[in-house]
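*Asks:* One structure coming up, written as structure tokens, with questions to follow.
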Amino acid sequence: MPGPTWLGAVLVLGVQLRALWPVAAIEVYTSKEVYAVNGTSLRLKCTFSSSSPISPLLSVTWNFQPEDLSSHEPVFYYLKEPYTPSAGRFKGRITWDGHIERHDVSIVIWDLQPTDNGTFTCQVKNPRDIDGTIGEVRLRVVQKVNFSEIHFLAIAIGSACGLMIIVVTLVIICRHRRKKQQEKMIEVADTELSREKEKLKNIGEKEITPLED
């Protein structure tokens, strides 16, 4: 009978098309680059989106590659529960800070050091979504300025400003005194000139005075 034959063909075709249909990809999101001060802690944020419901077998893998591009080092792993490294540079320095139901798989790194400079990768697998992007975030740890250096810098700047104020004040005082001296000299010269004029006037008046008989 033709009916069952056609039905079987349709079912086989459906199975083949399902096999050829690409598996949905999972998307992972991180910052491209973050900065932190030496000795502090930092939350490395990583989130994901998946077209499938969250599976009990969802796994999260954090790895680290130093700036010298040497081999990757394990940082953190999650499968039903968090697993922190038992050896290596990140031993005792990693804390799980994610929330799977909110699609958040972030971690916290404590006591950052300059040797932590490098690239951290965040990979999430949520069966059936097991393929997709891997988040990458580059960490740069900068040296902090301690209090003694800030104190010394403040003293140096304050001393320089104070010295500049003193110099400017002395210059103003010297100019003021010089101006007073010049004014006094001009005043004395004017007085002397007036006296000389008065003397000459008196002499002239005496010379033109007629003699009495």
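*Asks:* Report the percentage of all Cα-Cα pairs in segment 23-142 whose separation exceeds 23 Å, rounded to a whole percent. Provide the component values of the computation, followed by the final result.
*Replies:* On the way: 1856 of 7140 pairs.
In whole percent, the share of Cα-Cα pairs in segment 23-142 beyond 23 Å is 26.
*Asks:* With a 1.4 Å probe and all protein chains in place, put TRP110, TRP96, TRP62 in order of accessible area, largest first. Please report the intermediate quantities before stating the final value.
*Replies:* Working: TRP110 125, TRP96 60, TRP62 0 Å².
Largest to smallest exposure gives the sequence TRP110, TRP96, TRP62.
*Asks:* Here's another thing I want to ask about it. Along each of the three principal axes of the Cα atoms of segment 100-200, give the extent in whole Å, ordering the values from largest to smallest.
*Replies:* Extents along the principal axes, in whole Å: 123, 28, 23.
*Asks:* Whole number in Å², please: accessible area per residue of segment 23-142, 1.4 Å probe, ligands, DNA and RNA not counted. Before the final figure, lay out each step's value.
*Replies:* Working: 6450 Å² over 120 residues.
Dividing the accessible area of segment 23-142 by its residue count gives 54 Å².
*Asks:* Find the relative contact order for segment 23-142 and round it to a whole percent, using C-alpha pairs within less than 8 Å whose residues are 6+ positions apart. All intermediate terms of the calculation are to be shown ahead of the outcome.
*Replies:* Details: 299 pairs, mean separation 49.4, N = 120.
Result for segment 23-142 is 41 percent.
The values are calculated or read from the model by the stated rules, or taken from the named source; none is laboratory data. What you are looking at is a predicted structure, and each value in this text was computed from that prediction instead of being measured. Ligands, DNA and RNA are stripped out before the accessible areas are found, and what is left, the full protein with its side chains, is counted by its heavy atoms. Shrake-Rupley method; radii C 1.70, N 1.55, O 1.52, S 1.80 Å.
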